[in-house]
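Chemist: Questions regarding the structure given below will be posed in turn.
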Amino acid sequence: MTNINKKTYAMNVITPMKPWKTWLLRAIFFALGHIKSLQAYLINLSFIHFARWVIIRRDAFPYLGGSQEREQIKYDYLLFFSNFNGTWDQYIDAFSAVLANGLNKIWRWSEKYPGALPVTPFKQYIGRVQFETDHYYSAYPHATTNDVKGAHRVQAALDAFANESAGMGPDEFARAYVRFLVKVQIDLGTTGAAPVGT
Amino acid sequence: MPNQSGSVYGLTILSPILDDPHAKVSHDLQIRMYLGGLKDERSPFAKVSSTHMARLAVLNDVVYVGMPACEEHLRSQYLVFESNFDGSLDEYLEKMAVEIPEDVDAVWGHCVGYPGTKSIGAFQAYMKKCQITTTFYFADVNDKTVNQTLRALQTQEAVGVFIENNQGKPAEELRQAFAAFLEALRAAPGPIPGSGLNSLGRLAAGMEGITRHE
């Protein structure tokens with residue numbers, strides 16, 4: 001299935017919006033982009049590598065001329081792309097449970113959006129407006145978001161320990177090594193294939 | 001800038017697909033057939049080494065969500081390209097044109113007005129014409145390059161193996177082993193993007209002395 005590459009899932013969603021509503025949504029995104037505390041939930045969920053929302057005005061679909069006809073549509077469209085770890089169900093469940101208010105602020109401007117709670121109609125809606133990925137690439141497909149963050153912490157700790165321990169005598173080194181182990185132990189582990197069924 | 005989060009750029013491109021009623025196989029299907037033949041492990045994007053994650057999808061039409069919404073349809077189908085990469089857009093597009101011209105031509109060759117990759121300037125201009133500005137972009141880790149992340153994942157695994165192999169060693173022996181470990185880690189070949197990092201066999205190939213003891 002091309003929506004999935006090892007531990008990462010590529011979701012594409014497109015929803016129609018009445019044009020006057022897109023200005024309200026742009027204001028919300030502006031606030032979300034400039035007030036970092038509003039992004040805390042996304043960061044704390046910690047299973048999204050990258051995500052984006054893109055508003056396309058009804059007159060802004062790329063037009064290249066030639067044989068292409070200009071679009072003549074009434075709605076603006078909201079595109080959502082996400083690169084996350086886990087299954088589709090886990091993702092939507094987590095979104096619904098943790099981010100219901102935030103998601104409602106974003107998608108309530110889309111036609112027929114039922115709200116993030118209860119989860120069943122929310123899943124039905126997302127399933128309806130999702131379109132499939134035809135090719136999906138990840139440079140580190142075996143690694144989850146937490147693996148990546150943990151790996152950078154281990155790298156930083158190792159670099160620091162390597163610098164600090166250069167020139168130490170054996171006993172001093174052994175004590176510093178234990179401190180290094182205590183620091184990195186929570187972030188150790190190996191990446192690998194996802195469990196069967198995910 | 002909405003297209004960027006830290007040092008990571010979020011590119012969104014919608015390229016209108018050719019509509020030829022006389023084509024034996026429709027252009028959208030030809031794109032899908034080509035993309036279907038690419039394996040994730042040998043994705044051409046692995047050669048564009050600044051790519052964290054990228055996808056290609058054919059958008060056949062917009063979705064009718066039911067009454068009281070209006071039903072409407074697009075006049076073109078679009079090839080959607082979503083990419084998350086390090087560096088500037090111009091550099092990235094140039095890398096695509098130089099590193100994977102056959103794949104880019106094979107896919108975008110089915111799109112309206114596509115100029116090919118021979119003229120890098122024309123290719124960049126075409127892609128920018130099809131670009132849609134991202135409204136809100138989120139990158140969980142937005143201050144590390146692809147190479148830094150791959151190296152860090154390699155280090156994470158190697159450190160775990162080193163610790164396991166050197167439990168209970170006397171101080172001087174541990175110190176010498178650590179020095180050798182650092183040297184081996186620094187000399188190890190960089191991980192290959194897109195290939196996965198979990199194989200200790202890969203580590204063994206480039207990092208003598210830090211393979212897991214059985």
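Chemist: Test residue B:46 against the criterion of being in a helix (DSSP H, G or I) and more than 20 Å from residue B:116 (Cβ to Cβ), and give yes or no.
Modeler: Yes, satisfied.
Chemist: Return the pairs, sorted by first residue and then second, in which the second residue is of a type in the set (D, E, K, R), the first residue lies in the range A:87-109 and is in a helix (DSSP H, G or I), the beta carbons are less than 7 Å apart, and the residues are 6+ apart or on different chains.
Modeler: Qualifying pairs under 7 Å: A:92/A:123.
Chemist: Looking at the range B:101-133, which of the residues that are more than 11 Å from chain A (Cβ to nearest Cβ) and of a type in the set (A, V, I, L, M, F, W, C) is nearest to the chain's Cα centre (by Cα)?
Modeler: Filtering the range B:101-133 for residues that are more than 11 Å from chain A (Cβ to nearest Cβ) and of a type in the set (A, V, I, L, M, F, W, C), the one nearest to the chain's Cα centre (by Cα) comes out as B:104.
Chemist: Can you confirm whether the range B:66-86 contains a residue that is within 23 Å of residue B:194 (Cβ to Cβ) and among the β-branched types (Val, Ile, Thr)?
Modeler: Yes.
Chemist: Does the range B:5-50 hold any residues that are of a type in the set (S, T, N, Q) and within 11 Å of chain A (Cβ to nearest Cβ), and which are they?
Modeler: Within the range B:5-50, B:5, B:12, B:15, B:43, B:49, B:50 qualify.
Chemist: Could you tell me which numbered condition residue B:163 fails, if it satisfies all but one of (1) among the β-branched types (Val, Ile, Thr); (2) at the interface with another protein chain (Cβ under 7 Å from one of its Cβ atoms); (3) not in a helix (DSSP H, G or I)?
Modeler: Status for residue B:163: all satisfied but (3).
Chemist: Which members of the range B:30-59 meet the condition of being surrounded by fewer than 14 Cβ atoms within 10 Å (Cβ to Cβ) and either at pLDDT 95 or above or not assigned by TED's automatic domain parsing to the domain that holds residue B:80 (or both)?
Modeler: The one that is surrounded by fewer than 14 Cβ atoms within 10 Å (Cβ to Cβ) and either at pLDDT 95 or above or not assigned by TED's automatic domain parsing to the domain that holds residue B:80 (or both): B:33.
Chemist: Say we look at the range A:70-85 and pick out the residues that are without any contact (Cβ under 8 Å) to a residue 24 or more places away in the chain and surrounded by 12 or more Cβ atoms within 10 Å (Cβ to Cβ); which of these is farthest from residue B:57 (Cα to Cα)?
Modeler: Result: A:73.
Chemist: Now a separate question. Looking only at the range B:81-96, filter to residues that are crowded, with 23+ Cβ neighbours inside 10 Å and within 11 Å of another protein chain (Cβ to nearest Cβ); which one of those is farthest from residue B:60 (Cα to Cα)?
Modeler: Of everything passing the filter in the range B:81-96, B:85 is farthest from residue B:60 (Cα to Cα).
Chemist: Might you let me know whether the range A:12-20 holds any residue that is assigned to a helix (DSSP H, G or I), touching a Leu at 6+ places or on another chain (Cβ under 9 Å), in contact (Cβ under 8 Å) with a residue 12 or more places away in the chain and surrounded by fewer than 20 Cβ atoms within 10 Å (Cβ to Cβ)?
Modeler: no
The values are calculated or read from the model by the stated rules, or taken from the named source; none is laboratory data. For clarity, every value in this text was computed on a predicted model and none was experimentally measured. No Cβ is skipped: glycine too gets one built from the backbone with ideal geometry, and neighbour counts run over all protein chains shown.
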